[in-house]
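First the structure, in the form of structure tokens, and then the observations on it.
The values are calculated or read from the model by the stated rules, or taken from the named source; none is laboratory data. Because the structure is a prediction, the values reported are computed rather than measured. Note that we place each Cβ from the backbone using ideal geometry, even for glycine, and neighbour counts take in every protein chain shown. Ligands, DNA and RNA are stripped out before the accessible areas are found, and what is left, the full protein with its side chains, is counted by its heavy atoms. Shrake-Rupley method; radii C 1.70, N 1.55, O 1.52, S 1.80 Å.
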Amino acid sequence: MIENYKEISIKAYQCTNCKKISTNQTAADTCCKVFKCRRCNENAERFHELCIKCEEKVRFENGNKIDLVDYQEEWLHWEDRFFEGIEELEEYCQSENIEIPKYVYACEIVKFGMDILSSVEAACDEYDEDMFDRLDTKSLDEMFTEWVNKQNQSSVISTNQIVLL
């Protein structure tokens, strides 16, 4: 009889606290580890050097600051929300019965787009070395650019610029 299997051994590691098993020793070592903030020694999120409060302090300390009157954009970001202007932020704070923050983060609008030719070039790596040069990339690029422009999509993203209120 022909055997269609091969016996193998798998080395595993177990967290000594919760007994969770992993094939990675580092994962087992850090499974239930309490991470401490290097600034204030409070608990930090897993694999973070700073707690959330200290991360925010550092972001504020290092951020480029601008007064609200000088801010040219419309959108603002605070905590986990985006606001379409200071009025919307004020209405939100009033409805939630919370104080208006001393600062928020500036936002920018990023128009949807992508470089289709880079994707095609990467796909051509699977073929001979001059495959990309033989393709009609000009018409593809024109067609794709037209498609992207028709989508007319954008996103609001938070920046590190701080708007002082």
- Message: If I filter the range 141-150 for residues that are in contact with a Gly (Cβ under 7 Å, 6 or more places away or on another chain) and either over 30 Å from Arg81 (Cβ atoms) or part of a helix (DSSP H, G or I) (or both), do I get at least one hit?
- Response: yes
- Answer with yes or no whether Asp115 is open to solvent by less than 100 Å² (accessible area, probe 1.4 Å), at pLDDT below 95 and over 23 Å from Ser155 (Cβ atoms). no
- Message: Can you say whether His48 is modelled with pLDDT of 95 or more and under 19 Å from the mean Cα position of the chain (by Cα), as far as the supplied structure shows?
- Response: no
- Determine which single condition Arg39 fails, assuming it passes every other condition in (1) exposed (fewer than 13 other Cβ atoms within 10 Å of the Cβ); (2) part of a loop (DSSP other than H, G, I, E, B); (3) touching a residue at least 12 places away in the same chain (Cβ under 8 Å). (1)
- Ala44 vs. criteria more than 27 Å from Ser154 (Cβ to Cβ) and surrounded by 14 or more Cβ atoms within 10 Å (Cβ to Cβ): yes
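For every residue, the table says whether it meets (1) free of Cβ contacts under 8 Å to residues at least 60 places away in the same chain; (2) in a helix (DSSP H, G or I); (3) over 28 Å from Asp80 (Cβ atoms); (4) out of contact with any helix residue (DSSP H, G or I) (no Cβ under 6 Å at 6 or more places or on another chain).
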{"position": "Lys6", "(1), (2), (3), (4)": "yes, no, yes, yes"}
{"position": "Lys19", "(1), (2), (3), (4)": "yes, no, yes, yes"}
{"position": "Thr26", "(1), (2), (3), (4)": "yes, yes, yes, yes"}
{"position": "Cys32", "(1), (2), (3), (4)": "yes, no, no, yes"}
{"position": "Arg46", "(1), (2), (3), (4)": "yes, no, no, yes"}
{"position": "Glu49", "(1), (2), (3), (4)": "yes, no, no, yes"}
{"position": "Glu55", "(1), (2), (3), (4)": "yes, yes, no, yes"}
